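The values are calculated or read from the model by the stated rules, or taken from the named source; none is laboratory data. What you see is a predicted model; the values in this text were computed from it and never measured. No Cβ is skipped: glycine too gets one built from the backbone with ideal geometry, and neighbour counts run over all protein chains shown.
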C-alpha cells in the first residue's frame, strides 16, 4: 500500500502533534489558500471515520482540543471549519481517514461561508 498518511516521509508533511493513536499533520502541498490548516489522522490505516475504533475517536477529539488551543495561540483565527469527507461521492480523495482542521479568518474572500455553502447551492440540485 502506498498511503501518504501511513508513512509520513515527504518533506512537505510536518507532524505537529502525535499520540499513540493519532497525529496532527500539516501538508504544505495541500494547504493552498487554507493557511495553517491540517488533518488529524489515525496512525493505523483506517479508510473513513466510520472505521475508527472508540479509542481512536476519543484520541481524535482530545487532539482536536490541543490543536485548537495551539492555533488560537499561534494564529488567532476568527473561526474554524472541522470536517470529514467519506467515500468518493462524499469528496474523499485520499482513503486514509482524516479530519480537516481549517482555521478561518475574517479577511478571507469566502469568510462566512461554511462547509455546506457549496452543497446548498443551486449547482448541486438534482
Q: Among the residues of the range 1-49, count how many are within 12 Å of residue 99 (Cα to Cα) and surrounded by fewer than 12 Cβ atoms within 10 Å (Cβ to Cβ).
A: 0
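Out of the residues in the range 56-107 meeting the condition of being in a loop (DSSP other than H, G, I, E, B) and touching a residue at least 40 places away in the same chain (Cβ under 8 Å), tell me which one is farthest from residue 39 (Cα to Cα). Spell out the reasoning first.
Filtering the range 56-107 for residues in a loop (DSSP other than H, G, I, E, B) gives 76-78, 84-98, 105-107.
Next, only the ones that are touching a residue at least 40 places away in the same chain (Cβ under 8 Å) stay: 77, 92, 94-98, 105.
Values: 77: 17, 92: 13, 94: 12, 95: 13, 96: 11, 97: 9, 98: 6, 105: 18 Å.
That would be 105.
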Q: Taking the options 20, 2, name whichever one is assigned to a loop (DSSP other than H, G, I, E, B), over 11 Å from the mean Cα position of the chain (by Cα), at pLDDT below 95 and over 24 Å from residue 119 (Cβ atoms).
A: 2
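Here is a check on your reading of the model: is residue 126 surrounded by 14 or more Cβ atoms within 10 Å (Cβ to Cβ) and more than 21 Å from residue 28 (Cβ to Cβ)? Steps first, answer last, please.
Details: surrounded by 14 or more Cβ atoms within 10 Å (Cβ to Cβ): no; more than 21 Å from residue 28 (Cβ to Cβ): yes.
It is false that residue 126 is surrounded by 14 or more Cβ atoms within 10 Å (Cβ to Cβ) and more than 21 Å from residue 28 (Cβ to Cβ).
Can you go through 113, 120 and tell me which one is farther than 27 Å from residue 15 by Cα, assigned to a loop (DSSP other than H, G, I, E, B), at pLDDT below 95 and more than 18 Å from the chain's Cα centre (by Cα)?
On the way: 113 fails: more than 18 Å from the chain's Cα centre (by Cα).
So the residue among 113, 120 that is farther than 27 Å from residue 15 by Cα, assigned to a loop (DSSP other than H, G, I, E, B), at pLDDT below 95 and more than 18 Å from the chain's Cα centre (by Cα) is 120.
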Q | Residue that is modelled with the lowest pLDDT, among those in the range 23-45 that are closer than 16 Å to residue 85 by Cα and touching a helix residue (DSSP H, G or I) at 6+ places or on another chain (Cβ under 7 Å) | A | 37
